[in-house]
Amino acid sequence: MIVSNTTAATNAIAIQMDRALGQMLSGSHHDAIQRWLSPSDPSTNYNEALKLRHAGSGQWLLRDSRYTQWKEKSSSFLWLNGIPGCGKTVLSSTVLKELEEDPNTKTVLYFYFSFTDVHKQSREDAIRTLASQLYNLGAPGVQGTLDACFISHKNGQQQPSFDSLRIPFQNMMQQAGETWFVLDALDECPDKDQQRRHLLEWIQEIAESGDIHLLVTSRPEPDIKSAIEEWASPDNIIALQSNLVQGDISSYIKWEVKNGKRLERWCDQKNVQQEIQDTLTQKANGMYEVFVYLPSNG
């Protein structure tokens, strides 16, 4: 009996040690995958955009039939385009927030292209980051596909190129099933050495890859407009004209006039506040950046 109890205790300890070792190895392997991919961190852009988002803004888009069809229809695409400062990045954060809070949209991937960050400008930056996000979701088939790619690169000793990740990433998407993508500011991928043309070709490939919901935003640059309009339906394109975003901008201006630091000197003069609000609303012309031109002292 004593021997039996001792054996049972020894077996239990061995099982616990095996589990602990497995967890350590798994964690070490996961870290190795992340070092190999060297993904950027788009959450910094997302969180910054959420800070800029005024309460209630972007609801017109979430109620728009083109958006609801994009979100719910299988294999869907949506392009939001507009002038600089019209709130495209804030709208993309609104979409992401809504997707993350919806229990029916379990696989959500996103990337923010950025003029100011050299690690967020190319399709290679994007595919490394999106592959990392997908891997972190933990689906066995998805992880196995990237693990095989990692092994083929001498266990991470060789860096992956875009071309070496492209097919594995497609396979990962197929393994993951229904997936929602948000890619912000395509125009901030440099238009040199055909980088943006290659990015646009890849975006079309993603959009046609299966059960994918792909939403992208950008300025209506001629090359982007021409490339997307070649294969996307007009119903999949929303031009962010001033009449669409004016409600958001008016609400934003009203809040800033009453609560913003730069105009606090007028807080007790309601007639002046109203005049400022009316003037800024009239001159906004579809741009949130109207406050950029105000002096800091009001």
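The values are calculated or read from the model by the stated rules, or taken from the named source; none is laboratory data. Fair warning: this is a prediction, and the values are worked out from it, not measured in the lab. Neighbour counts run over all protein chains shown; Cβ positions are idealised from the backbone, glycine included.
Answer yes or no: is there a residue in the range 143-157 that is touching a Ser or Thr at 6+ places or on another chain (Cβ under 8 Å), of a type outside the set (Asp, Glu) and modelled with pLDDT under 95.
Among the residues of the range 143-157, not one is touching a Ser or Thr at 6+ places or on another chain (Cβ under 8 Å), of a type outside the set (Asp, Glu) and modelled with pLDDT under 95, which makes the answer no.
What's the number of the only condition in (1) surrounded by fewer than 16 Cβ atoms within 10 Å (Cβ to Cβ); (2) more than 18 Å from residue 70 (Cβ to Cβ) that residue 113 fails to meet?
Of everything listed in (1) surrounded by fewer than 16 Cβ atoms within 10 Å (Cβ to Cβ); (2) more than 18 Å from residue 70 (Cβ to Cβ), residue 113 misses just condition (1).
Yes or no, residue by residue, for (1) outside the structural domain of residue 103 (by TED's automatic domain parsing); (2) outside any helix (DSSP H, G or I); (3) in contact (Cβ under 8 Å) with a residue 60 or more places away in the chain:
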| site | (1), (2), (3) |
| --- | --- |
| 149 | no, no, no |
| 156 | no, yes, yes |
| 159 | no, yes, yes |
| 165 | no, no, no |
| 174 | no, no, no |
| 193 | no, yes, no |
| 198 | no, no, yes |
| 204 | no, no, no |
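Within the range 144-187, can you find the residues that are crowded, with 19+ Cβ neighbours inside 10 Å and among the charged types (D, E, K, R)?
184, 187
Is it fair to say residue 200 is among the aliphatic types (A, V, I, L, M) and at pLDDT 55 or above?
yes
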